[in-house]
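Every read-out reported here was derived from the displayed coordinates using simple, explicitly stated rules and does not represent laboratory data. Values in this document were obtained by computation on a predicted structure and should not be read as measured data. Here the Cβ is made from the backbone with ideal geometry for all residues, glycine too, and neighbour counts use every protein chain on show.
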Amino acid sequence: MARLLAGHLERLLAYHGWAYRRLLTSLDALDEASYRAPCGLFFGSLHGTLNHLAVADRLWLARVRGEPQPFARLDAEAAPDLATLAGFLDTGVQAWQLWLGQQDDASLGATLSYLSVSNGPQQRVLADILSHLVNHGTHHRGQISTALTAMGQPAPELDYIYFTALPACR
């Protein structure tokens with residue numbers, strides 16, 4: 001069972017979880033009003049953007065597992081507050097890791113047919129879906145980091161290269 005591609009994707013998913021945890025730690029320092037205030041992001045607030053990530057992560061997971069879509073909209077409410085959202089995101093990353101641990105390189109090269117929330121029937125290679133999942137998270141975490149900086153708050157360092165320097169990644 002070849003796992004070169006699968007091993008790379010496992011590392012990207014580990015990064016995905018690490019980046020979420022670092023970002024959530026930064027958001028813990030905010031008061032509720034700042035966390036929920038409109039700040040010019042596509043999904044409005046920090047909460048709206050983080051919530052969108054949680055929804056998208058679970059939508060993709062349901063698709064690859066052949067389950068019904070858990071959300072009908074990309075701005076659906078996954079969790080009502082930061083603490084619950086943090087647990088939801090962590091559980092989602094763990095579920096992705098469990099699913100990926102059951103795949104090999106051949107299965108990750110398979111094409112998945114699915115129904116998009118807004119674009120109808122689609123087909124994508126599973127490995128591309130996982131790459132998209134992490135890249136999508138990086139995109140929106142970057143937006144949140146920018147919003148934190150604009151609020152005068154420190155933003156965490158989330159670059160993948162810093163993740164790879166951790167002892168567990170060597």
(message) Within segment 116-136, name every residue whose backbone N is under 16 Å away from a label modeled 7 Å from Cα of ARG11 along the Cβ vector.
(response) 131, 134-135
(request) Using a cut-off of 13 Å between beta-carbons, work out the net charge of the residues near ARG65 (Lys and Arg +1, Asp and Glu -1, ARG65 not included). (result) 0
(request) Just add up the charged neighbours of GLY109: K/R +1, D/E -1, any other residue whose Cβ is under 13 Å from the Cβ of GLY109. (result) -1
(request) Round to the nearest 10 and give me the degree value, 0 to 90, for the angle of helix 82-101's Cα axis relative to the longest principal axis of the chain. (result) 20 degrees
(message) As an exercise, take the mean of 1/r over every pair of distinct alpha carbons in segment 1-118, invert it, and state the Kirkwood radius in angstroms.
(response) 15.5 Å
(request) Calculate the length of the line joining the C-alpha centroid of segment 130-154 to that of segment 98-119, in whole Å. (result) 25 Å
(request) Just name one of GLY40, LEU89, VAL117: the one whose Cα is farthest towards the positive end of the charge dipole of segment 29-170 (beta-carbon charges, Lys/Arg +1, Asp/Glu -1). (result) VAL117
(message) I'd like the distance separating the alpha-carbon centroids of segment 52-95 and segment 29-43, in whole Å.
(response) 20 Å
(request) Could I have the simple spin-label model distance between ASP90 and ALA29, label points 7 Å from Cα toward Cβ, reported in nm to one decimal? (result) 2.0 nm
(request) State whether segment 58-122 is rounded, prolate or oblate according to the following rule on the C-alpha gyration tensor (a ≥ b ≥ c being the square roots of its eigenvalues): a/c under 1.5 gives rounded; otherwise a/b larger than b/c gives prolate, and the remaining case gives oblate. (result) oblate
(request) Treating the angle as unsigned and between 0 and 90°, give the value, to the nearest 10°, between the Cα long axis of helix 46-65 and the longest Cα principal axis of the chain. (result) 10 degrees
(request) Return one number: the angle in degrees, 0 to 90 and rounded to the nearest 10, between the long axis of the Cα atoms of helix 4-27 and the longest principal axis of the Cα atoms of the chain. (result) 10 degrees
(message) 5 Å is the cut-off here: which amide hydrogens, built 1.01 Å from N in the peptide plane, fall below it relative to VAL125, excluding neighbours closer than 5 in sequence?
(response) LEU112
